Amino acid sequence: MNWVKKDENRLITPVFTAAFVSVFEPKGMKGQPDSSKKYSLTMIFPKGQDFTSLETMVQQIAHKKWGEKAAAILKKQADSDKRLFKDGSTLAAQNYAGFIEGAVYIQASSSEKTKPRVSEKRDGLLYDLKTDEEFYSGCKAIASISPYAWDNAFGKGVSLSLVNILKISDGERLGGGRAKPEQDFDAPMAEESLESLFG
């Protein structure tokens, strides 16, 4: 699946692996208790994914906001830690599950007042998902996102607003997740070990 343009400010992504999922409860920035809370999602795309459609929309939105200065502003953003397109190599080297060397990931978020809808298709109908047991880091999904320009005390740039998410399939949970009972208790335990557990 390629990028699908819904209107001049909104795109449907290709399939990605979801990571750092925070779409059911908004969270503030780690270590900053006074920061505004957001819903957020990291999207890890397969190696070699084409981002031309998204790049074009970002450039158009930046040009509409800043005119001839847009290219320089986007270049400065791309050279900073606020860049839109991030190489997964660093996180892969740090053994972050799901991240792949040379594969690009992007991040999208929305304010606590604009919660994204998370859905799944069953028999051709959309059903809302409401818990992190249903949608979690490791799921395959697509999402609708809207690039927007920002200009504040911290600088200028373009970020991605998270609109809606469609779960495509389950996947191996990233970050460990909860162990299954079979993993803990399936292997035979010596009688003396059981006695030490239960007295």
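The values are calculated or read from the model by the stated rules, or taken from the named source; none is laboratory data. Since the model is a prediction, treat every value here as computed from it, not as a measurement. Quick reminder, even Gly has a Cβ in these numbers, built from the backbone with ideal geometry, and neighbours come from all protein chains shown. Surface areas here come from the heavy atoms of the whole protein model, side chains and all, with no ligands, DNA or RNA. Shrake-Rupley method; radii C 1.70, N 1.55, O 1.52, S 1.80 Å.
Taking the stated definitions as given, is Leu41 within 23 Å of Gly155 (Cα to Cα) and assigned to a strand (DSSP E or B)?
Working: within 23 Å of Gly155 (Cα to Cα): yes; assigned to a strand (DSSP E or B): yes.
Yes: the conditions hold for Leu41.
So, Leu126, is that one open to solvent by 60 Å² or more (accessible area, probe 1.4 Å), over 16 Å from the mean Cα position of the chain (by Cα) and not β-branched (Val, Ile, Thr) or not?
yes
Mind checking which residues of the stretch 116-172 are assigned to a strand (DSSP E or B), touching a residue at least 40 places away in the same chain (Cβ under 8 Å) and over 24 Å from Arg10 (Cβ atoms)?
Gly155
Which members of the stretch 88-111 meet the condition of being at positive phi and not small (Gly, Ala, Ser)?
So the first thing to find is which residues in the stretch 88-111 are at positive phi, and the list is 95, 98, 102.
Residue satisfying the conditions is Asn95 alone.
Which ones in the stretch 35-79 are over 22 Å from Asn164 (Cβ atoms), open to solvent by less than 40 Å² (accessible area, probe 1.4 Å) and touching a residue at least 40 places away in the same chain (Cβ under 8 Å)?
Ala62, Trp66, Ile73, Leu74, Gln77
Is it fair to say Phe85 is at pLDDT 95 or above and among the aromatic types (Phe, Trp, Tyr)?
Values: at pLDDT 95 or above: yes; among the aromatic types (Phe, Trp, Tyr): yes.
When the stated conditions are applied, Phe85 passes them.
Only one of (1) closer than 20 Å to Ile165 by Cβ; (2) in contact with a Gly (Cβ under 8 Å, 6 or more places away or on another chain); (3) not aliphatic (A, V, I, L, M) fails for Gln107. Which number is that?
(2)
Looking at the stretch 88-106 only, could you name the residues that are assigned to a loop (DSSP other than H, G, I, E, B) and surrounded by 15 or more Cβ atoms within 10 Å (Cβ to Cβ)? Quick ask: steps written out before the conclusion?
Of the residues in the stretch 88-106, the ones assigned to a loop (DSSP other than H, G, I, E, B) are 88, 94-103.
Correct list: Gly88, Tyr96, Ala97, Gly98, Phe99, Ile100, Ala103.
Across the stretch 107-123, what is the total count of residues that are in contact with a Leu (Cβ under 9 Å, 6 or more places away or on another chain) and open to solvent by less than 70 Å² (accessible area, probe 1.4 Å)?
Total meeting the criteria: 7.
Let me spell it out: the conditions are (1) within 18 Å of Ala149 (Cα to Cα); (2) open to solvent by less than 70 Å² (accessible area, probe 1.4 Å); (3) out of contact with any Phe, Trp or Tyr (no Cβ under 8 Å at 6 or more places or on another chain), and Phe85 meets all of them except one. Which number is the exception?
Phe85 satisfies every listed condition except (3).
Looking at the stretch 1-34, which of the residues that are aliphatic (A, V, I, L, M) and open to solvent by 80 Å² or more (accessible area, probe 1.4 Å) is farthest from Thr131 (Cα to Cα)? Let's see the steps before the verdict.
Pass one, the stretch 1-34, residues aliphatic (A, V, I, L, M): 1, 4, 11-12, 15, 18-19, 21, 23, 29.
With the extra rule that they be open to solvent by 80 Å² or more (accessible area, probe 1.4 Å), the set shrinks to 1, 29.
Values: Met1: 27, Met29: 21 Å.
Within the stretch 1-34, the match that is farthest from Thr131 (Cα to Cα) is Met1.
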